[in-house]
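Step one of this worksheet: look at the structure below.
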Amino acid sequence: MYAIAKEAQPITGVGYKLFTMKLIPDMSVKSMARLYPLLKEAREQGIIPWEWIVDETRELERASSLDDPDDYVRTISRAYRRDFWRHQPVSYRTRKETKSARHRWGRLL
């Protein structure tokens with residue numbers, strides 16, 4: 001598993017490599033569920049460095065905090081956006097299905 005996990009990649013990437021090498025039967029939830037504890041144990045024992053396995057689906061969570069009331073006022077004034085569509089007779093909506101679409105559209109919407 002060390003050689004397979006050598007590059008930084010998601011856990012599913014390790015699973016896919018094991019699957020293509022016919023070391024696990026499929027990419028099912030059951031097969032991957034057996035892989036997770038093995039990778040965790042290998043990381044905890046120092047066999048596989050923690051930074052080799054990444055989880056791109058999770059972001060660091062941190063509570064929002066501000067330095068003082070003036071910082072609060074600056075933050076709120078930057079965040080304020082008037083909804084010009086609120087009183088219009090017709091409303092149009094756009095759905096973004098993928099993460100890449102979010103980057104392409106940016107703050108236009």
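Read-outs: derived from the displayed coordinates by stated rules, not from any lab. Every value quoted in this text rests on a predicted model; they were computed, and no experiment measured them. Cβ coordinates were reconstructed from backbone atoms using ideal geometry, including for glycine residues, and neighbour counts include every protein chain displayed.
For Thr75 and Met21, a Förster radius of 41 Å and the Cβ-Cβ distance give a FRET efficiency of 0.20, rounded to the nearest 0.05. Net charge dipole, segment 9-54: roughly 160 debye, given to the nearest 20, about the Cα centre with Cβ charges of +1 for Lys and Arg and -1 for Asp and Glu. Taking the dipole about the Cα centre of segment 9-54, with the C-beta of Lys and Arg at +1 and of Asp and Glu at -1, give me whichever of Thr20, Leu38, Gln9 is farthest to the positive side. Selected residue: Thr20. Going by neighbour counts of Cβ atoms within 10 Å, the residues Tyr80, Tyr36 line up, fewest first, as Tyr80, Tyr36. Taking 7 Å steps out from each Cα toward its Cβ at Ser65 and Gln88 produces label points 4.1 nm apart.
Taking the Kirkwood radius as Rh and the Cα radius of gyration as Rg, segment 1-77 has a ratio of Rg/Rh equal to 1.28. Starting from the Kirkwood radius over alpha-carbon pairs of segment 9-54, derive D by Stokes-Einstein at 20 °C in a medium of 1.002 mPa s and give it in µm² s⁻¹. Approximately 199 µm²/s, per Stokes-Einstein. Electrostatic tally near Arg74: other residues with Cβ closer than 13 Å to its Cβ, Lys and Arg +1, Asp and Glu -1, net -3. Once backbone amide H atoms are built at 1.01 Å from N, Ile53 has Gln9 as its partners under 5 Å, excluding neighbours fewer than 5 places away on the same chain.
Ordering Met27, Met32, Met21 by the number of other Cβ atoms within 10 Å of each residue's own Cβ, fewest first, gives Met21, Met27, Met32.
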